Structure formats: C-alpha cells, structure tokens
Amino acid sequence: MRKQRLMGAVAALGLLAFSAGASAETWRIGLEEIEGSVQHRYAEQFKELVEEKSGGDITVQLLPYGTWGSTYSALYDAVQGGAIQLGFGSGALGGTVPESQLLNLNFIMPADQLETAKVLNSDGFLKSEAWQQSFRQRDLVPLAELPEGYQVWTADQAIQSPADMKGLKIRVMDNSLLRTTYQAYGASPTTIAYGELYSALQQGQADANIQPVFAHEEMGFYEVQSHMIFARQSQFVATLMGNADWYDGLSDEQRAMLDQVTTRLVQAGHDMQTRFNQERLETIKSKSDITIIELDDAQRDAFRKLAKPVRQTYIDEVGERGEQSLNILLKAFKQAGGK
C-alpha cells in the first residue's frame, strides 16, 4: 500500500525522472499554500538561509500548492515516501498524523501570538518524545511549527453566539477534531477542497469558512461572504516536517544547521504573518463592504465552554502520546497567559 501511495505521489508531482537524477543536496519543500502566502515567504527565507549557511552546497527548491498534486494527502504521501524531502502539514495532516490535531484545538493558545510561536518551537514541546514519535511512527519528523495568524470565520450572516452557528454549513479542513469542534458549536461542518472553496461559497454549497486573514484575501473568499468574525479561538499552525529517513541521513552539521535556521525563523515567521494579516485585512476592507465583527470576552467564553470537552475527545481518539503533548502545551500556555 505504501509503495502504491508513493508511486501515485511521484506521478502527481511529475518528478519521477527528476528524482532519479537529482543531487542528494537538492532539498525540495512542498507548500500547502500558493506563492505570496505566509508559507511561501517562510520557505523563501528558509531557502536563503540554508543555501547561505551551506555555502551553496545545498539547493532548496520550493513547490507551492498545486505543483505536487491535487490533494493535501498527495503532499504528505510524497514526504512520507521521500519523493519530497520537506513539506508543510496543517489541519488536513490529522488524517496522516492523528496527534497533530492537537494544534486545531480551540481556546488553548495565549493571546500573545509570539508566545504561541515560542512555545510551539521550544525543545520542551517540539523535541518532546511524545511529539517526535507521533510523527516518526509515520516516517516523518517535525522540524518547526509556523503559526500563521488567528483563524477567522467568514459567513453569509453575523455570528456572535453559538446560537448563530446552529445548522451553519461551515467548511473545515478534512480533520475529525475540527468537525467535532464545530458540531459542538451547533454547526454542520463540511469538507471541501481548498481549490474548490470559492465556487462552493459562491454557489451556497457552504455558508461559512475558516481561514487566517491572508488566505481569505489571497483566495478572494471575502468577495462571496458578507461577514468576517474574529473570535480568536485558535491560530492556524503549519508543521514543517521532513522525511524521517532523509533527516536521519543528514550529517550532524546539517542537522545543527537546520536547528539554527528554524530557530532564527521563529521570530521572523511571527513578524511575517503579523504583517501579512494586517496588510491583507486592510486590503479586504478597502475592496469590500464586508462587516467586521470582533467577539468580546463574554461572547468568546460561550464558545470556549463548548470547545473544552473536545480536549477529551482528542485524547480518546489519539491516545497517550496525544495526551502527553496536550499536557505539555496546556502547562506552557498557562504560564504564557492562556486559559
């Protein structure tokens, strides 16, 4: 089965011939997002730093959304099988690494987004046995976490309470925990491919959508929705992961260089997502008459109460490693000011 998945991923990439002749010092990195996105800018800086620190001995090739296939699972399969050395995984990664759904839990992250980035990239979490083994059991290794800003709701109506979510057809990534979360809010979550989402919203196949601000803008989702709601329920987090065999085959110096690069990009990643989301929000405001709603603490608490039991659902679904990782984060986030 793994061989069939790998061959399918390679065929989708159109890299079969290329892979056979590629230098071992060419690192390909698959992105879930298009050019001009937060992931793309992060990957550009990653490329610059790796090529600089390696003295040009390593070339990094960027593969934006769509160049590796038509589904996120094709990207994850390609990294698992080694056709691509590096790749990002976010909400949809839960189908491959169930424990990664931890990063989709609502109302566990502190208000300070930089603190979130620091905690997620700390040795205490990122290099913990529980988190590392969650990925290594699937032939992957987590290298960095990239928070890309708060997940923001858009809808064809105002949302200020769980009652407003009742029966709402809201698009979520293919992630069982996200479906459970929005069912707890009273919504009717549905999964639609990213590339098909604009037309689905336009045609009424979905009533609402969840994305960081920059994605709402670059994909034009705000054009077919009337309201944008800031609940600060979660941040969109992408995991930079590598193929485990590839990573283990690197020299000690190369692994140390990777650590240096990803450590340097924690602050840089935060700065770029902050800038991207602020600029894109201004663009949305200037190009549309969309109604902006920011939930107050009392309104957020109503959603928080419904979301809290989903933590146990996560533990029940993924087991001990997931519980250990959740406890590490809850303790660290509490110290950083989360609830």
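The values are calculated or read from the model by the stated rules, or taken from the named source; none is laboratory data. Predicted model only: the values in this text are computed from it and were never measured. Here Cβ is always computed from backbone atoms with ideal geometry, including for glycine, and neighbour counts include all displayed protein chains. Each accessible area value is taken on the protein alone, full model and side chains, heavy atoms only, with ligands, DNA and RNA left out. Shrake-Rupley method; radii C 1.70, N 1.55, O 1.52, S 1.80 Å.
Observations on the model:
- Amide H contacts of residue 148 (H built 1.01 Å from N, under 5 Å, at least 5 apart or other chain): 236, 237, 238
- Cut-off 20 Å, label 7 Å out along Cα→Cβ of residue 268, residues of segment 75-94 by amide N: 85-89
- Calculated from backbone phi, Karplus (6.51, -1.76, 1.60) coupling profile of segment 100-107 in Hz, x at Gly/Pro: 5, 5, 3, 6, 9, 4, 8, 6
- Around the amide H of residue 192, modelled in the peptide plane, lie the amide H atoms of 172, all under 5 Å away and 5 or more residues distant in sequence or on another chain.
- Basic side chains Lys and Arg get +1 at the Cβ, acidic Asp and Glu get -1 at the Cβ, and with that the dipole of segment 213-291 about its Cα centre reaches some 360 debye.
- Relative contact order computed over segment 25-158 (Cα-Cα under 8 Å; 6+ residues apart), in percent: 21 percent
- Kirkwood radius and radius of gyration were both taken over the C-alpha atoms of the chain, and their ratio Rg/Rh is 0.95.
- Using only side-chain charges placed at the Cβ, +1 for Lys and Arg and -1 for Asp and Glu, the dipole size of segment 247-329 relative to its Cα centre rounds to 300 debye.
- Take every pair of alpha-carbon atoms less than 8 Å apart whose residues are at least six positions apart; their mean separation over the length of segment 110-208 yields a relative contact order of 22 percent.
- Nearest-ten-degree value, helix 252-287 long axis tilted from longest Cα axis of the chain: 30 degrees
- Environment charge at residue 173 (Cβ cut-off 12 Å; Lys +1, Arg +1, Asp -1, Glu -1): 0
- Structure-based [θ]222 nm, the chain - -39500 (n - 2.57) summed over DSSP H runs of at least 4, per residue, nearest 500: -14500 deg cm²/dmol
- Table column - 3J(HN,Hα) (Hz), segment 328-336, Karplus curve with 6.51, -1.76, 1.60, x for Gly and Pro: 4, 5, 4, 5, 5, 5, 5, 5, 8
- Computed about the Cα centre, the dipole magnitude for the chain is approximately 800 debye when only Lys and Arg (+1) and Asp and Glu (-1) carry charge, each at its Cβ.
- Inter-part distance where segment 50-67 and segment 305-331 are each reduced to a Cα centre, Å: 36 Å
- Those lysines that a straight Cα-Cα span of less than 27 Å connects to residue 308, excepting residues fewer than 8 apart in one chain: 118, 127, 166, 169, 331, 334, 339
- 41, 311, reordered so the largest accessible area comes first (probe 1.4 Å): 41, 311
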